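Heads up, the thing below is written out as structure tokens.
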Amino acid sequence: MASSLASVLERLKASKTSYLYILPALIGLLFLILYPFAYNVFISFTNMNLGHIRNFFLIGFRNYSYIFSDPDFLVIVENTVIWTFTNVIPTVALGLLLALVLNSKVRGKTAYRMFLIVPWAMPSFITLLIWKGMYDFQYGVFNRFLGQFSIAPINWLGDCHWAFFSIVVANIWLGYPFMMIIFSGALQSIPTELYEAASIDGAVGFRQMRHITVPLIRPTIILGLLLGSIWTFNNFNSAYLITAGGPGICTTIFITQAYNLAFGGLLNFSVAAAYAVVAFIFLFFPGLLWTRYMGVTRQAT
Amino acid sequence: MTSSSGSQWTVRKVVQSVLKHAFLIVMAVISIYPVLWVVSTAFTPGETLATGWHFLLGFLPLPNSPTTDHFTSVFNLQVTGGTFADWLRNSLVITVSTVIASVALTLPAGYAFSRRVFPGRAGLMFSFLLPTMFPGVVTIIPQFLIFSTFGLVNTYLGCIIPYTVGSFALSIFIMKGAFDSVPRDLDEAAMIDGASELRAFWQILVPLTLPSVATVSLWAFMGSWLDFALAHVMLQTNNMWTLPLALYSLITPNYTYYGTFSAMSLIMAVPVFVVFMIFQKYLVTGLTAGSVKG
């Protein structure tokens, strides 16, 4: 009796210290992420903007109906979807191809790897601005390069389609090393005995690839696609630093639209907040899948 | 018959190997090309690069007469009331504080999630993961509004606090994973021998998980040393700028200082690059640990 009471007390006490360990981080999470998130949702239902910074009031779904009836909205949805797919698929494909080549018999792997990893190791904030410089119409390296073959300079960042193409290329460049690294890891974990056994059975080349490699690294491919989609959708730097969403709204995606509305001089916080909520809804399901996939919330050991 | 098929095999092998190397060489050049360009530009005289450089082999940009002027002009840089010394100091204060705060807060939380069973554990872990599903702007707008009511806009804390909290999602789980990989017997034995929990944590668990502590520090460092989106909003006067804001100001539609920009890029990127190359193994492990285990 006394011992069971003691054990209950003990457990409570143990839990108390557990909560204490987490408390400081939890306070930060509550006040800086969860509360602001709720506040963002609240703002999206008000008229908080330049004219009503302090004296704003609830206006229901008017910001949302404004967004959905705005012709720009469809362009931005289209941009966001195209942006995500044109980035993720080539990034994963290129990363996988590089990993496969580096996993086969080829000399100088270590040296190649060192070079191939550079886009990942260099800070993206800086390399994106470097890309911006390389795309420069007058002085950029690409137009000078084309000039050698008497090709007319391309307005990389000033033309709607070229601008989109340019930021996609820069973002693919940023992304493939990480994919290469995770695929290399997955390929190295496949036991070589499997390939040996297959060779003895007469399966070589593509058949080994189809029946051994692809099935065994499928989870990593899914992880790459999922992570890649979330990162691309959310990649403020890639979508903002080179073009800032322009020209016009040619390269504007959800998050840059929200940022520009709030801080681009208009201080249109309420519509920006509504855009952020829409972006969140788009991201929520892949995000949920990812946390499931990572299995991090599972009870460990 | 046998010899002909054998020679066919080698021809095929040679072709394959040539194709592989061609692919790898092209990709390697593409991978380092922007770096080559920025190094070349940093040493090319003049700010806008109209002339003063040429192509080697038709694609490698090289300065005609290299100069180190741009590096000295970085240190003398000022933009209406803000100097390079200001920006370096601001960046260092914000970054060092963020790293310390992040490590101090994520280690105990990771420990609790790894070693303790308590009511609400799964729910709490999930709530720390939740922010990974938020687009950054969902929190930047309200954070800015909340901070402006508390007078924290244009202060160091206005950046340090969000950066620290922003590092939680990844760092807490990296530390939890690291502590999970240390056998429980080790710290339990120490506690049976009379060591306090704090001492067992500090003298057994932390030394065994130093690579992960380093990874957590590195993530906090990179998140704050190179952040643009939040700093651009929070730090409004030129003397409060961090280095990324100053760097961004060097290429705007109105004026482009590519020479100084390139030199400054190298000054900012090289330390990160070196640290990153040293720690890259741990960085990948930290990110994918969950998927391997799950």
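Checking each residue in the range B:92-132 for being more than 19 Å from residue B:166 (Cβ to Cβ) and β-branched (Val, Ile, Thr) picks out only B:117.
Checked against (1) modelled with pLDDT of 90 or more; (2) hydroxyl-bearing (Ser, Thr, Tyr); (3) surrounded by fewer than 17 Cβ atoms within 10 Å (Cβ to Cβ), residue B:242 meets all criteria but (3). Put simply, of A:59, A:43, A:82, A:67 the only residue that is touching a residue at least 12 places away in the same chain (Cβ under 8 Å), within 14 Å of chain B (Cβ to nearest Cβ) and more than 30 Å from residue B:175 (Cα to Cα) is A:43. Out of curiosity, is residue A:20 surrounded by fewer than 16 Cβ atoms within 10 Å (Cβ to Cβ) and touching a strand residue (DSSP E or B) at 6+ places or on another chain (Cβ under 8 Å)? In short, no. Is it the case that some residue within the range B:85-97 is in contact with an Asp or Glu (Cβ under 7 Å, 6 or more places away or on another chain) and assigned to a helix (DSSP H, G or I)? No, the conditions are met nowhere in the range B:85-97.
Being under 26 Å from the mean Cα position of the chain (by Cα), facing chain B (nearest Cβ under 8 Å), closer than 20 Å to residue A:239 by Cβ and crowded, with 23+ Cβ neighbours inside 10 Å: is that true of residue A:119 here? The answer is yes for residue A:119. If the condition is being of a type in the set (Gly, Ala, Ser) and touching a His at 6+ places or on another chain (Cβ under 9 Å), then the range B:34-93 contributes only B:42. Evaluate the range B:243-254: report whether one residue or more is out of contact with any strand residue (DSSP E or B) (no Cβ under 8 Å at 6 or more places or on another chain), assigned to a helix (DSSP H, G or I), of a type in the set (Val, Ile, Thr) and in the same structural domain as residue B:174 (by TED's automatic domain parsing). No: zero hits.
Picking from residues in the range B:44-97 that are in contact with a Gly (Cβ under 8 Å, 6 or more places away or on another chain), free of Cβ contacts under 8 Å to residues at least 24 places away in the same chain and small (Gly, Ala, Ser), the one that is farthest from the other protein chains (Cβ to nearest Cβ) is B:65. Of the candidates A:238, A:184, the single residue that is surrounded by 14 or more Cβ atoms within 10 Å (Cβ to Cβ), within 11 Å of chain B (Cβ to nearest Cβ) and in contact with a Leu (Cβ under 8 Å, 6 or more places away or on another chain) is A:184.
Residues checked against (1) hydrophobic (A, V, I, L, M, F, W, C); (2) out of contact with any strand residue (DSSP E or B) (no Cβ under 7 Å at 6 or more places or on another chain); (3) closer than 30 Å to residue B:188 by Cα; (4) in the same structural domain as residue B:165 (by TED's automatic domain parsing):
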| residue | (1), (2), (3), (4) |
| --- | --- |
| B:12 | no, yes, no, no |
| B:16 | no, yes, no, no |
| B:41 | no, yes, no, no |
| B:59 | yes, yes, no, no |
| B:79 | yes, yes, no, yes |
| B:93 | yes, yes, no, yes |
| B:110 | no, yes, yes, yes |
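If you take the residues of the range B:202-239 that are in contact (Cβ under 8 Å) with a residue 40 or more places away in the chain and of a type in the set (Ser, Thr, Tyr), which of them is surrounded by the fewest Cβ atoms within 10 Å (Cβ to Cβ)?
If we take residues in the range B:202-239 being in contact (Cβ under 8 Å) with a residue 40 or more places away in the chain and of a type in the set (Ser, Thr, Tyr), then B:237 is surrounded by the fewest Cβ atoms within 10 Å (Cβ to Cβ).
If only residues of the range B:170-187 that are surrounded by fewer than 21 Cβ atoms within 10 Å (Cβ to Cβ) and in contact with a helix residue (DSSP H, G or I) (Cβ under 8 Å, 6 or more places away or on another chain) are counted, the one that is farthest from residue B:108 (Cα to Cα) is B:186. Per this entry, residue B:115 is counted among residues that are touching a residue at least 24 places away in the same chain (Cβ under 8 Å), among the basic types (Lys, Arg), more than 7 Å from chain A (Cβ to nearest Cβ) and under 30 Å from residue A:10 (Cβ atoms). Close Cβ contacts (under 7 Å, 6 or more residues apart or on different chains) running from residues in the range B:157-171 that are farther than 10 Å from residue B:128 by Cβ to residues that are outside any helix (DSSP H, G or I) and among the acidic types (Asp, Glu) comprise B:163/B:227.
The values are calculated or read from the model by the stated rules, or taken from the named source; none is laboratory data. What you are looking at is a predicted structure, and each value in this text was computed from that prediction instead of being measured. Every residue, glycine as well, gets a Cβ built from its backbone with ideal geometry; the counts of neighbours run over all protein chains shown.
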